[in-house]
1. Most mobile of Gly99, Gly85, Gly63 per a Gaussian network model of the chain (Cα springs, under 10 Å)?
2. Once R0 is set to 35 Å, what does the formula 1/(1 + (r/R0)^6) return for the Cβ-Cβ distance between Asp34 and Ala105, expressed as a FRET efficiency to the nearest 0.05?
3. How large is the dipole of the chain about the Cα centre if only Lys and Arg carry +1 and Asp and Glu carry -1, each at its Cβ, rounded to the nearest 20 debye?
4. Among rounded, prolate and oblate, which fits the stretch 114-183 when a ≥ b ≥ c are the square roots of the eigenvalues of its C-alpha gyration tensor, a/c under 1.5 means rounded, and a/b larger than b/c means prolate?
5. Can you tell me the accessible area per residue over the chain, all protein chains present, probe 1.4 angstrom, in square angstrom?
6. Counting each DSSP H run of 4 or more residues in the chain as -39500 (n - 2.57), what helix-only mean residue ellipticity at 222 nm follows after dividing by all residues, to the nearest 500 deg cm²/dmol?
7. Averaged over every viewing direction, what's the projected area of the C-alpha convex hull for the chain? Give it in nm², one decimal, please.
8. How many lysine pairs are close in the chain, with Cα atoms under 25 Å apart and the two 8 or more places apart or on different chains?
Amino acid sequence: MSPTDRDGSANDGAANGSDASGPDPLAPDHAPDDSVLLEARGIRKSFGDNQVLRSIDLEVRRGEVVVLIGPSGSGKTTVLRSLNGLETPDAGTVSIAGGPSLDFATPVSKAQRYALRDRSAMVFQQHNLFPHMTVIENVIEGPVRVQKVPKSRAVAEASALLERVGLAEKRDAYPFELSGGQQQRVGIVRALSLKPQLLLFDEPTSALDPELVGEVLQVIKELADEGWTMVVVTHELSFARQAADEVLFMDGGVVVERGAPEQIFTKPTEERTRRFLDRILRPLD
């Protein structure tokens, strides 16, 4: 499935809230196409004697949603953190189109890691909002302080993003006044405000009460439909099936199987994948 096949409206200006006078400044910076945005090859990582990643390969095209699933401890989060320099692999290469190509077999400088990180934004399991700042202050912190965006422009764009995720009325609230789902939606807006080429989600609903999961997944699904390029780690298999262009099943630090959602969830070829899905998806007696 190509990135534009989910609903055919990846760059619909009306859906994105733009007017006819020009492109939406908050939309993805490139329309979905067949070009490779992110490429990772041979990623290895050990913590002491524990080999967490064993030669991981990953390729993501513009507008594509790649979802990583698998049991806890399989290395999914370490892959995600390696893609934007939060984790330094022991070996392998990571490159983002238009940016640096990092070869971790040689020493990688802090400046190189920052250059890689500048092209992506990560949404974590925990919301990580600054408790002493309002919602709007949390969102504009990165654009204003790091990217040197004029404050008036940052506020205008942040306000548009908050409206898009249904939180316009919460712009002056503090994190403690929000539900967990609302805080996580602010976290997503904060990532979007940096205008990244790549969005990384690390189990964004794992810390939420069950009744709040749907509101966050709906926002992520809408972003996928708009054409944002994403790598998502999640245990929400129904979301993976609906939103992903490609699903990777990981276990023991390797990619056991990869393919389109329908292939992975209905006709997996690997016994380990089948056992995982049977255990997760088996109806309760």
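1. Gly99
2. Values: r = 29 Å, r/R0 = 0.84.
With a Förster radius of 35 Å, E is 0.75.
3. Values: 32 positive and 42 negative charges, 182 e Å.
It works out to roughly 880 debye.
4. On the way: a/c = 1.77, a/b = 1.27, b/c = 1.39.
It is oblate, given that a/c is not under 1.5 and a/b is not larger than b/c.
5. On the way: 12990 Å² over 285 residues.
Spelled out: the 1.4 Å probe surface of the chain, per residue, equals 46 Å².
6. Numbers: 10 runs with 95 residues, N = 285.
It comes out at -9500 deg cm²/dmol, rounded to the nearest 500.
7. Details: hull surface 64.9 nm².
The number I arrive at for the chain is 16.2 nm².
8. Lysine pairs satisfying the spacing and distance rule in the chain number 16.
The values are calculated or read from the model by the stated rules, or taken from the named source; none is laboratory data. Not measured: the values here are computed from a predicted model. Cβ sites come from the backbone with ideal geometry, for glycine too, and all protein chains shown count toward neighbours. The accessibility values were calculated without ligands, DNA or RNA, using every heavy atom of the protein model including side chains. Shrake-Rupley method; radii C 1.70, N 1.55, O 1.52, S 1.80 Å.
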